[in-house]
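These notes concern the structure reproduced below.
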Amino acid sequence: MSKLIISSLMIVVGFCGCTGSIIPKSPPPQYYQLDYNYREVKVPTESFKDKILRIWEFNAKSPFDGTEMVVEVGRSGIAISRVHQWIDRPGALLSEWIRRDIDRDGMFGGAYETVEIGKEIDVELSGTVERWSLIKDGDTYFSIIEATLTVWQKKPKPYILFKKHYAIRSSPIPYRDPEAFAKAATEIAAKLSYEFRSELYKTLAKRHD
């Protein structure tokens, strides 16, 4: 009886091992990043050179609040990829790249995500990503980013200095491909950053000069 039980257990273990090799494993995630060259925006005023800008990590509406790539097909069809993902959430990616661009422009004394205790924060920037997806349009695809950016000051009294909704789409993409999606998203993120910085600086210059 003991030999029979041992033989049965060996058969079960062997079967489980074979089953594990038969069932396909999910492929590991592949991650994508924004990667564009900095494009300078000329600073139209020196009034903010001594002021600190704090940039909060942007929020994002569902389903764009995760790292998974999102593809829209038709009016209600949405596909979320567990394999092809962004290296971080869209809101975090966009806010960090805009922060880098602003810091390089030199409009402010510094543009920081976190500010050391003791430093006075003069101006703040926040945003919400409403859309960050690849969209099927007939036989082609295009990438789109929609985001609302808000800049405000707390002193001498709370006041919104600038607020605008941006909706920017990429050039057509002939096929559905995560690399092409990442490249197209990079294209429009760079464009959004440039347009936003240009309009923000002009608005601030008009208010203070």
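Tabulated data
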item: Members of K136/K164; K42/K191; K164/K206; K163/K206 lying beyond 21 Å, as alpha-carbon distances in this model show; result: K136/K164
item: Amide H within-cut-off set for T67, under 5 Å, with H built and near neighbours excluded; result: none
item: Largest-first ordering by accessible area, 1.4 Å probe, given options K136, K61; result: K61, K136
item: From phi via Karplus (6.51, -1.76, 1.60), per-residue ³J(HN,Hα) for region 92-102 in Hz, x at Gly/Pro; result: 5, 4, 5, 5, 5, 5, 5, 4, 4, 5, 4
item: Principal axes of region 57-209: Cα extent on each, largest first, Å; result: 52, 31, 27
item: Qualifying GluC sites (Glu not before Pro) for region 117-209 [loop in DSSP, other Cβ within 10 Å: at most 12]; result: E120
item: D65/Y38 FRET efficiency (R0 22 Å; Cβ-Cβ; nearest 0.05); result: 0.20
item: Region 176-185 - phi-based ³J(HN,Hα) in whole Hz, Karplus 6.51/-1.76/1.60, Gly and Pro as x; result: 8, 8, x, 5, 5, 4, 4, 5, 5, 5
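The values are calculated or read from the model by the stated rules, or taken from the named source; none is laboratory data. Small disclaimer: the values here were computed from a predicted structure and weren't measured. Cβ: placed from backbone, ideal geometry, glycine included. Neighbour counts: every protein chain shown. Surface areas here come from the heavy atoms of the whole protein model, side chains and all, with no ligands, DNA or RNA. Shrake-Rupley method; radii C 1.70, N 1.55, O 1.52, S 1.80 Å.
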